[in-house]
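Quick notes on the structure that follows.
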Amino acid sequence: MMNCCGLLTLRKEPVPLKSIEVELEVRDHVATVVSTLNYQNKEDKPIEAVFVFPLPGDAAVCHFSAKMGQKEIVAEVKEKQEAREEYDDALSSGQQAFLLEESDQSPDVFSMRVGCLPPGESASIRLEYVTELAVQADEGLRFCLPAVLNPRYTPQGRKTSEKLMHTKVNSVPASLVPYSLSFSARVSSPRPISKVESSCSLDPLQFLNTDQTQATVKLGAGHKFDRDVEVLIYYKDAHQPTAVVEAGQASAKPGTLMGDPVVMVSLVPEFPQSVMSSVASCGEFVFLMDRSGSMGVPMNIKDRKQTRISSARETLLLLLKSLPMGCYFNIYSFGSSFEHIFPKSVEYSQQTMEEALKIVGTMEADLGGTEILEPLKHIYEQPCIPSQPRQLFVFTDGEVGNTKGVIDLVKKNSGSHRCFSFGIGEGASSALINGLAKEGGGHAQFITRSDRMQPKVMQSLRFALQLTVVDISITWDLPKDVSVTVLSPPITALFQGQRSLVYGQLSGQAAEGCVTVKYSLAGHPTQNQLHFSLKPEEDTGLTVHRLGARTLIRSLEMEGRESRGEQHTGVKEKVVALSIQSGVSSCFTAFIAVNKGDGEAIQGPLVRRNVPTPITWNSQRDKMNPQMFYFPFYLWPHKLFSSDSAGAADSTQPEVKPPTCDPLLQLVSLQNASGFWMLDSALAAALGKTSEEVEKSKPEPVSSEVWATILALIWLQGFQTDAKDEWQILAGKAVLWLQAQNGTTTLMSLDFEQ
């Protein structure tokens, strides 16, 4: 009879995975992650433990090993089918074996098999990967340790063998995950660390030196591995252009990627101020909104009324109010099927905006699964509008099974649009969200836990409204004895303040080199230059080499998916050779370790145990940049609002009480498409005033629309400063409308600088 002591699944099956220990080391904007997974077989039969889990989509997995007692076995990278056969042969012979492989369909999902673990035995599995940290809107660097693997929706008609993994994903509610997590981080940078924040409880930050360039932090006690662990790191004077040269591996052959030095160049373009004040006043804005069942879950456990879909509706309101006059737009929504508000994109006007908002207000998470490929195809089939650059905004919780197919489609159409992507909630696929933005020349954002969707989306809209950077090129100025082989694909998009990384394999030796990025913005040729030392830095390990190898591998994999026959075979052979040489995983390879010790073969039938992964939802649910606007002094409504910068009410006036619903959204919903507000009872209610109070305060020579717009702007500036990122663009549109009126541009000012 089976001994069922220890941790159990919901089906009362023993769970061999007991705990996970994660050590994070961050050096500037690159992270190395070491995870140790501790297994123990408390049953009376040998077992095979299977664990399907998420990793960051751009991670370079570079080490996999197993330790039993004092013996450690380090896995090798081999061609995937060869590795699988070796694993199966080992189990058939009663040998212990360990297999780690990447999903064929999504590079952010991995399967780990721990085979032939004898009764009473323990094994510690060590997994290591390196990854780049993305820059957030507030200049923080984001690291995410994904814990949640929501079931990935596979479109109908796909063969079972083509689905996400050969291994079934066993899931339990996030609160019932039967293993624990410990997490610690060490951060170091050439610049001082200002703070470290997290979506989870952290112990206080501990600085290791007086200049505060090194620090450690740990996850608070009692944390369960039931949610993504998101860490935001902030440096002082962050995000300067840098270059790091890493020496080659001593044992590797010169002339190979691992044998030669590799340089990682971090480019942070600074656009000329003369063109930064200009933004696009046209464009075709297409919004693609996920309405699958999973969008009906709460954004935040503490506030179950705010679901993903309700937050998405509010975000669409802000977006529609912030669009520039003269542009075109359309809204698609998708699940198992898809819908669109207009047959084709329409010109933005008060009428079309109101029609769209009426439908947006009825949107629910009621369209079933998550089939994103078909609506994307439909969007790309629509002809582009002349002189209206297409900007695509994709909102999804990222639970799809055909990630690579979706990304390939976006890349195929990258010449006709820019794609901005938003991952909503726990478990959103980082491979999908980052891949859409990377191949679509846009920007990716993740909205989790207590994050508000609106400020992040509005930052992406500001990027979309920036004038498009064209003619991007990178040139290397190196001594004649030094050459570079670029490992990264060409840069297709640049945004103010956002980092772009370029990897290059160097040959030869010299003291200094220079890299120049050239581009054109609003017809102005511009360049940024970086001089750097060619002397390899000490104690960097092989991090840069592995990241460079991962970048080249991903490019070759995509080339392989686009090719057929002998060409495909040739690309696959290149990927396999590079993966084996660098020790970095790929979709064509796997890590395999077999314990070929002198011990006796393990006897008895092998019992399979699937380690459950947390899920977060019930699977049954399936020109507009004015920097300053001047008001005449006699228009300043001092009798209605206080001029106090903190927004407190004037002592001689009744205190302004916010409306019962969200006051910001209430005010925003009243704005006209061209930017002004009407002076009516609805506006008065949004301002927390009576109609009589707002009408009596209006000076005689001022029109009702001008006065209403002035009041709205002052209320935003005085009472909604914390939400400025959300209303900044639509306020800019209102300022432009006011500037187009006569006699309202002198003396007093409000600052709406973006």
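Being touching a Ser or Thr at 6+ places or on another chain (Cβ under 6 Å), open to solvent by less than 20 Å² (accessible area, probe 1.4 Å) and part of a strand (DSSP E or B) is the requirement here; does residue 37 meet it?
no
Residue by residue, here is whether (1) in a helix (DSSP H, G or I); (2) open to solvent by 10 Å² or more (accessible area, probe 1.4 Å); (3) of a type in the set (A, V, I, L, M, F, W, C) holds:
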position	(1), (2), (3)
362	no, yes, no
376	yes, no, yes
385	no, yes, yes
392	no, no, yes
404	yes, yes, no
410	yes, no, yes
438	yes, yes, no
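Determine whether residue 152 is buried (at least 17 other Cβ atoms within 10 Å of the Cβ), basic (Lys, Arg) and at pLDDT below 90.
yes
Just to be sure I understand the filter: pairs with C-beta atoms under 6 Å, separated by 6 or more residues or on different chains, first member in region 57-75 and closer than 17 Å to residue 133 by Cα, second member of a type in the set (Val, Ile, Thr) and at pLDDT below 90. Which pairs pass?
none
Among the numbered conditions (1) part of a loop (DSSP other than H, G, I, E, B); (2) open to solvent by 10 Å² or more (accessible area, probe 1.4 Å), tell me where residue 427 comes up short.
All conditions pass for residue 427, except number (2).
Would you mind finding the one in 404, 456, 480 that is in contact with a helix residue (DSSP H, G or I) (Cβ under 8 Å, 6 or more places away or on another chain) and farther than 20 Å from residue 522 by Cβ?
Residue meeting the stated conditions: 404.
Being modelled with pLDDT of 90 or more and more than 30 Å from residue 371 (Cα to Cα) is the requirement here; does residue 247 meet it?
So residue 247 fits the description; yes.
If you check residue 660 against the conditions, is it open to solvent by 60 Å² or more (accessible area, probe 1.4 Å), of a type in the set (Val, Ile, Thr) and modelled with pLDDT under 90?
When the stated conditions are applied, residue 660 passes them.
Report, by residue number, each residue of region 249-271 that is over 21 Å from residue 135 (Cβ atoms), open to solvent by 20 Å² or more (accessible area, probe 1.4 Å) and under 31 Å from the mean Cα position of the chain (by Cα).
Selection gives 261 alone.
Every residue, every condition in (1) closer than 17 Å to residue 590 by Cα; (2) among the charged types (D, E, K, R); (3) buried (at least 19 other Cβ atoms within 10 Å of the Cβ), yes or no:
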residue	(1), (2), (3)
93	no, no, no
104	yes, yes, no
117	no, no, yes
129	yes, no, yes
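What about residue 206, is it over 30 Å from residue 483 (Cβ atoms) and either crowded, with 18+ Cβ neighbours inside 10 Å or in the same structural domain as residue 140 (by the TED database) (or both)?
yes
Could you grab me the full set of residues in region 455-481 that are out of contact with any Phe, Trp or Tyr (no Cβ under 9 Å at 6 or more places or on another chain) and open to solvent by less than 40 Å² (accessible area, probe 1.4 Å)?
Within region 455-481, 455, 459, 465, 478 meet the criteria.
Would you tally the residues in region 457-477 being closer than 14 Å to residue 498 by Cβ and of a type outside the set (Ser, Thr, Tyr)?
7
Provide a single number: the residues in region 189-203 that are of a type outside the set (S, T, N, Q) and either in the same structural domain as residue 548 (by the TED database) or open to solvent by less than 20 Å² (accessible area, probe 1.4 Å) (or both).
Of the residues in region 189-203, 2 are of a type outside the set (S, T, N, Q) and either in the same structural domain as residue 548 (by the TED database) or open to solvent by less than 20 Å² (accessible area, probe 1.4 Å) (or both).
List pairs: first in region 670-685 and under 14 Å from residue 319 (Cα atoms), second surrounded by fewer than 22 Cβ atoms within 10 Å (Cβ to Cβ) and among the polar types (S, T, N, Q), Cβ under 9 Å, 6+ apart or cross-chain?
As it stands, the answer is 672/350; 673/349; 673/350; 673/351; 673/352; 674/349; 674/350, since those pairs meet every condition given.
Within region 131-140, is there a residue that is part of a strand (DSSP E or B), at pLDDT 85 or above and of a type outside the set (Asp, Glu)?
Yes, region 131-140 has at least one match.
For region 81-98, check the following and say yes or no: at least one residue is acidic (Asp, Glu), under 30 Å from the mean Cα position of the chain (by Cα) and not assigned by the TED database to the domain that holds residue 426.
The answer is no; no qualifying residue exists.
Can you tell me which residue in region 496-538 is farthest from the chain's Cα centre (by Cα), limited to those that are loosely packed, with under 13 Cβ neighbours inside 10 Å and more than 13 Å from residue 263 (Cα to Cα)?
So the residue we want is 511.
For region 432-452, check the following and say yes or no: at least one residue is of a type in the set (Ser, Thr, Tyr), closer than 30 Å to residue 523 by Cα and in contact with a strand residue (DSSP E or B) (Cβ under 9 Å, 6 or more places away or on another chain).
Among the residues of region 432-452, not one is of a type in the set (Ser, Thr, Tyr), closer than 30 Å to residue 523 by Cα and in contact with a strand residue (DSSP E or B) (Cβ under 9 Å, 6 or more places away or on another chain), which makes the answer no.
Please indicate, with yes or no, whether at least one residue in region 434-449 is among the basic types (Lys, Arg) and under 17 Å from the mean Cα position of the chain (by Cα).
yes
Would you be able to tell me the number of residues in region 413-424 that are within 26 Å of residue 109 (Cβ to Cβ) and either open to solvent by 10 Å² or more (accessible area, probe 1.4 Å) or more than 11 Å from the chain's Cα centre (by Cα) (or both)?
3
Are any of the residues in region 515-524 of a type outside the set (Phe, Trp, Tyr) and more than 24 Å from residue 135 (Cβ to Cβ)?
Yes, region 515-524 contains a residue that is of a type outside the set (Phe, Trp, Tyr) and more than 24 Å from residue 135 (Cβ to Cβ).
I'd like the full set of residues that are of a type in the set (Val, Ile, Thr) and touching a Gly at 6+ places or on another chain (Cβ under 8 Å), limited to region 82-139.
Once the filter is applied, which keeps residues that are of a type in the set (Val, Ile, Thr) and touching a Gly at 6+ places or on another chain (Cβ under 8 Å), region 82-139 yields only 135.
When only residues in region 209-226 that are open to solvent by less than 60 Å² (accessible area, probe 1.4 Å) and part of a loop (DSSP other than H, G, I, E, B) count, which is nearest to residue 138 (Cα to Cα)?
Filtering region 209-226 for residues that are open to solvent by less than 60 Å² (accessible area, probe 1.4 Å) and part of a loop (DSSP other than H, G, I, E, B), the one nearest to residue 138 (Cα to Cα) comes out as 213.
Exactly one condition in (1) in contact with a Gly (Cβ under 8 Å, 6 or more places away or on another chain); (2) under 28 Å from residue 551 (Cβ atoms) is false for residue 380; which is it?
(1)
The values are calculated or read from the model by the stated rules, or taken from the named source; none is laboratory data. Note that the structure is predicted; figures quoted are calculated from it, not measured. Note that we place each Cβ from the backbone using ideal geometry, even for glycine, and neighbour counts take in every protein chain shown. When the accessible area is computed, the model is the full protein with side chains, heavy atoms only, and any ligands, DNA or RNA have been set aside. Shrake-Rupley method; radii C 1.70, N 1.55, O 1.52, S 1.80 Å.
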